[in-house]
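For reference, the structure discussed in these notes is given below.
Every number here is computed from the coordinates shown, using simple stated rules; none is lab data. What you see is a predicted model, and the numbers here were worked out from it, not measured in a lab. Here the Cβ positions follow ideal geometry from the backbone for every residue, glycine too, while neighbour counts run over all protein chains shown.
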């Protein structure tokens, strides 16, 4: 099937007027992606063929602002739906090859041929814009994924600091597993917020699930206990394990002036809930 050509048309108009041929060429260049077009449309509501034409127009017409914005939007959508990056890379490279194929055809049909200098200038502008699209797409994709991982970690960490009310004024905080610098900050934030919101007068912190803490974490935990006291709440520590106590002795750290210490959580609950 021949190409539609008008001597007065621009390269953009030439591509639009030959939309079917452009798409057929593009699909032949991206064999792996071509078989996934409907899957991608259903998964992320992404019409690859429509978006390909949009990208080509932004590139040919050197619409940098629109191109960057489009790349960022695409990055978010692909990240949100966890679409395969290899498909995106193959698709954009196929767009690059198809665009150059049509530029070549346009040049052949055009009476006034480009000089060598004009060709190299065009080559630089077009390839730079396509590379710019890819760079901004991957940056946007990575940023979205990073933020998603961060928010998921925050949610998990907050769930790992469960403050459980057991009476109108008493609550329990069971701590389990490794407490690192990130988690101790989460504990601090959650504890101080929940004491105020729940009107907690006594917070029982059970440490039976914590084997050890590094010195800087112990220092930070001591400050958390100070904060609990400043909130007008009594802190009670239960379940201190021998390994953790040895660390405190060797590091010269004590919680005696910041919190009461008792044996097991069960014994402590019995004492406070009997009142």
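Structure values in brief
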quantity	calculated
Radius of gyration and Dmax over the Cα atoms of the range 108-167, both given in Å	26.0, 88
Computed Rg/Rh of the chain, alpha carbon atoms with Kirkwood Rh	1.32
Protection proxy ranking of 160-168, 196-204 - average other beta-carbon atoms within 10 Å, highest first	196-204, 160-168
Normalised contact order of the range 164-273, rounded percent, pairs of Cα under 8 Å and 6 or more residues apart	28
Fraction in percent of alpha-carbon pairs per bin - 10 Å, the range 11-156	11, 38, 32, 13, 5, 1, 0
Equivalent ellipsoid semi-axes, the range 42-119, via Cα gyration tensor eigenvalues times 5, rooted, Å	30, 13, 10
Approximate shape of the range 146-275 as ellipsoid semi-axes (Cα gyration tensor, √5λ), whole Å, largest first	22, 20, 13
The chain, relative contact order [Cα under 8 Å, separation at least 6], %	13
Spacing of the two label points (7 Å from each Cα toward its C-beta) at residue 142 and residue 28, in nm	3.6
Over the range 132-190, volume per residue of the alpha carbon convex hull, in Å³	96
Sequence-separation-based contact order of the range 11-156, relative, with Cα cut under 8 Å and 6+ spacing, percent	35
Directionally averaged projected area (convex hull, Cα atoms, the range 2-83), nm²	6.1
